[in-house]
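The structure appears right after this line, and notes come after that.
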Amino acid sequence: MLSFAPANLGPEFYRDPYPTYRMLSEQEPIHLCPDGTWFLTRYADLDRIYRDRRSFSSDKKAVFAPKFGAHSPLYEHHTNSLVFNDPPYHTRVRRAIVGALTPHVLKDMARSVACLIDRLLTQIELKGEFDAIEDFAAAIPVEVIGNLLSVPQAERGPLREWSLAILGALEPVLTPEQQQRGDAAVVDFLAYLRTLVAQRRRNLADDDDMLARLMREEGAAEPISETELLHNCVFLLNAGHETTTNLIGNALQLLLTHDDQLQRLRTDPTLINSAVEEFLRCESPNQLGNRLVVEPVQIADTLLQPGAYLHLCIGAANRDPVVFPEPDRFDVARTPNHHLAFAAGGHACAGMSVARLEGQLAIQQIIRRFPRLRLNGAGVRSMRARFRGFRSLPLATH
């Protein structure tokens, strides 16, 4: 029997989890962890679970109460977030978010994102050497989500640090320091949003941005409360920031360590769409999901009972050789590529179109602008199991 515990991972795992995933997939794809939870690695199992909303729940109240404390700011935030809830609440909130991302909005967003990236690249060109995360990848989603929620430009400074602190608390092991930072970030973020929402209420008019749509859900037939409104604004910033920052950082590292694929993409820019899907598959920004079993269910040869807590390993499923030939090979033209980086079914990421847009434009523009772009030292990985990305990634333009 394999010995693997998400709560006891070493530095080697954080640097490269894929050998561990491969071992689990081959030997115990439905692995019982020492703490009684289950770790699943096969694509077919994850895809089935994501699409079965009757047998599996996204509600995390029973799990987060002992982890965060039932009266903590982190508990209140995560149990009100879209991603950790089931219908009908999940359906109402998701509808407002998806409804705000119309083709017209995405078209306008593409223009503004392209301009933002161009400004960032001009600043980078003057420096020559830069951090791909701090100076580029992290700067893009903060501005995009800030625009969607109508956060004034001058007030966006703290958003990234709040996001990192809140999401950092979702790691399998929560330290007292992480809890303190996460709770403080929730309190500060909510205090800011209360002021922002109060200002918008006075001048809402016929606005149709995402914040306005969420605010109108307060008056719907099945309304959301102000607390739910505020926490889902926090969730939007966090989810949009984390996924896209990691997508862009991971993409740059993949391309700059696979010169043949970089040159292939330079030669044929029309491959950018398939390239982004391959970035998402090879180095999934979100590596782990979770579900709670709510009725007896058979997965392969394992009978799971109600109350069983499942770790869904997206990073492993996206390298399942049954679905992806030569799964460890990075191929910017790979097709088909039905990865699970954005989950699947009713809980598929509501903002995936925005993340894809940002990734496509960011990579397209930076490799076109800097034909001699290169790594300028070793990147520093974020030592986290749930979210895979870099804390820093030094690059040079010459």
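Every listed requirement among (1) closer than 30 Å to Thr227 by Cβ; (2) in contact (Cβ under 8 Å) with a residue 24 or more places away in the chain; (3) assigned to a helix (DSSP H, G or I) is met by Tyr75 save one, (2).
Yes/no per residue for (1) touching a Leu at 6+ places or on another chain (Cβ under 6 Å); (2) under 30 Å from Ala96 (Cα atoms); (3) open to solvent by less than 40 Å² (accessible area, probe 1.4 Å):
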{"position": "Gln305", "(1), (2), (3)": "no, no, no"}
{"position": "Asp320", "(1), (2), (3)": "no, no, yes"}
{"position": "Glu326", "(1), (2), (3)": "no, no, no"}
{"position": "Val332", "(1), (2), (3)": "yes, no, yes"}
{"position": "Cys349", "(1), (2), (3)": "no, yes, no"}
{"position": "Arg356", "(1), (2), (3)": "no, yes, no"}
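Taking the range 66-87 as the search range and keeping residues that are open to solvent by 30 Å² or more (accessible area, probe 1.4 Å) and among the hydrophobic types (A, V, I, L, M, F, W, C), which one is modelled with the lowest pLDDT? So, considering only residues that are open to solvent by 30 Å² or more (accessible area, probe 1.4 Å) and among the hydrophobic types (A, V, I, L, M, F, W, C), the one modelled with the lowest pLDDT is Val83. In the range 94-196, counting only helices (runs of 4 or more DSSP H) that sit wholly within it, the ones holding 1 or more residues that are over 21 Å from the mean Cα position of the chain (by Cα) and charged (D, E, K, R) span 103-127.
Taken over the range 128-158, the criterion of being open to solvent by less than 10 Å² (accessible area, probe 1.4 Å) and of a type in the set (Gly, Ala, Ser) is satisfied by Gly128, Ala132, Ala137, Ala138, Gly146. Among the residues making up the range 187-210, a single one is among the acidic types (Asp, Glu) and closer than 12 Å to Trp162 by Cα: Asp188. The residue that is nearest to Ala317 (Cα to Cα), among those in the range 22-54 that are hydroxyl-bearing (Ser, Thr, Tyr) and out of contact with any Ser or Thr (no Cβ under 6 Å at 6 or more places or on another chain), is Tyr43.
When the range 219-246 is filtered for residues that are open to solvent by 30 Å² or more (accessible area, probe 1.4 Å) and either touching a Pro at 6+ places or on another chain (Cβ under 7 Å) or in a loop (DSSP other than H, G, I, E, B) (or both), the ones remaining, listed by number, are Ala220, Ala221, Glu222, Pro223, Ser225, Thr243. For the range 205-218, the candidate set comprises residues that are in a helix (DSSP H, G or I) and farther than 22 Å from Leu361 by Cβ; within that set, the residue that is most open to solvent (accessible area, probe 1.4 Å) is Arg216.
Listed by first and then second residue, the pairs linking a residue in the range 348-373 that is more than 14 Å from Gly240 (Cβ to Cβ) to a residue that is among the small types (Gly, Ala, Ser) and in a helix (DSSP H, G or I), with Cβ atoms under 6 Å apart and 6 or more places separating them unless they lie on different chains, are Leu361/Ala114; Ile363/Ala251.
The values are calculated or read from the model by the stated rules, or taken from the named source; none is laboratory data. Owing to the predicted nature of the structure, the values given are computational and were not obtained by experimental measurement. Note that we place each Cβ from the backbone using ideal geometry, even for glycine, and neighbour counts take in every protein chain shown. These area figures cover heavy atoms from the full protein model, side chains too; ligands, DNA and RNA do not enter into them. Shrake-Rupley method; radii C 1.70, N 1.55, O 1.52, S 1.80 Å.
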